[in-house]
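The values are calculated or read from the model by the stated rules, or taken from the named source; none is laboratory data. These numbers come from a predicted model, not from an experiment. For neighbour counting, all protein chains shown are included, and Cβ atoms are generated from backbone atoms with ideal geometry for every residue, glycine included.
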Amino acid sequence: MNVLNLLAALGASTRQALADWGYGARLFFKLCKLSGATLRRFGLVRDQVHFLGNYSLAIITVSGLFVGFVLGLQGYYTLQRYGSAEALGLLVALSLVRELGPVVAALLYAGRAGASLTAEIGLMRAGEQLTALEMMAVDPIGRILAPRFWGGIIALPLLAAVFSAVGILGGYVVGVLLIGVDAGSFWSQMQGGVDVFKDVGNGIIKSVVFAIAVTFIALLQGYVAKPTPEGVANATTRSVVVSSLSVLGLDFILTAMMFSI
């Protein structure tokens, strides 16, 4: 009997997981289908870019600066062993534009903007605002979710670029101004070793993919949250956890694909 109960519970959980994946896929395709109508009302998207991007700019800038400081210190003491301290600029730039910029910016975005999106949509669900829109024949997905979806897709790549730029500046401050690496070598090695299409382009692709994943997960968790304070809190926590794990998993997949090409 216990075995039958275990099989029944396993089957129920599997069916529920498949139903959740199916609902998420249908919501994602509907958001993509509404893209044209959403972008034609660009004022709504612009407001969300300001809300998601501008309000996340402080934590992105400060984090990028300190990551650049750490890369400058660690990179210098590592390269100094091999007599290659002049390549510090190349090390800092490649580390940021290829990997740390998109990944760390996406993780910070998930913790700040993603949690805010989930809580906002969840509170709309709990306050029956989404139901009120449906009663007025207004599609809440097209009016509420789609502008936020595209706002996140636009905002996160810009934040990742700011993170990388500020991180390079931080590496310059530590490596050149504090330690004494030659400034000409710092910038020339960086300019000669960083490829715009291969390195910077791969970073942009990563940041766009992360933006789609993190923003969609945040919106989905808020949209399906239980209309209670506990439900909204659980949805917000779940959004940050799932988004962070998705970013790390997608980063591995994208890196493997990019280096295999």
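Quick notes on this structure:
- Filter pass, G75 being more than 19 Å from A110 (Cβ to Cβ) and surrounded by 17 or more Cβ atoms within 10 Å (Cβ to Cβ): yes
- Of all residues in the range 167-189, those that are in contact (Cβ under 8 Å) with a residue 12 or more places away in the chain and not in a helix (DSSP H, G or I) total 2.
- Residue in the range 127-134 that is in contact with a Leu (Cβ under 8 Å, 6 or more places away or on another chain) and in contact (Cβ under 8 Å) with a residue 24 or more places away in the chain present: no
- Complete set of residues in the range 1-23 that are part of a helix (DSSP H, G or I) and over 22 Å from V224 (Cβ atoms): N2, V3, L4, N5, L6, L7, A8, L10
- Scan of the range 116-140 for residues that are of a type in the set (D, E) and closer than 10 Å to G222 by Cβ, ordered by number: E120
- Residue check, S164 part of a helix (DSSP H, G or I), under 29 Å from R98 (Cα atoms) and more than 26 Å from the chain's Cα centre (by Cα): no
- In the range 108-131, the residue that is nearest to L52 (Cα to Cα) out of those that are of a type in the set (S, T, Y) and crowded, with 24+ Cβ neighbours inside 10 Å is Y109.
- Residue, surrounded by the fewest Cβ atoms within 10 Å (Cβ to Cβ), within the range 1-57, restricted to residues that are β-branched (V, I, T) and more than 25 Å from A105 (Cα to Cα): V3
- Number of positions in the range 173-196 that are crowded, with 21+ Cβ neighbours inside 10 Å and either within 24 Å of A58 (Cα to Cα) or of a type in the set (G, A, S) (or both): 2
- Qualifying helices (runs of 4 or more DSSP H) (wholly inside the range 60-159; at least 1 residues being charged (D, E, K, R)): 115-126, 129-135
- Cβ separations smaller than 6 Å between residues 6+ apart or across chains give the following pairs from the range 137-159 residues that are modelled with pLDDT under 90 to residues that are assigned to a helix (DSSP H, G or I): P140/L130; P140/L133; I141/K30.
- Conditions (1) within 17 Å of the chain's Cα centre (by Cα); (2) of a type in the set (K, R); (3) farther than 30 Å from P229 by Cα; number of the one not met by R40: (1)
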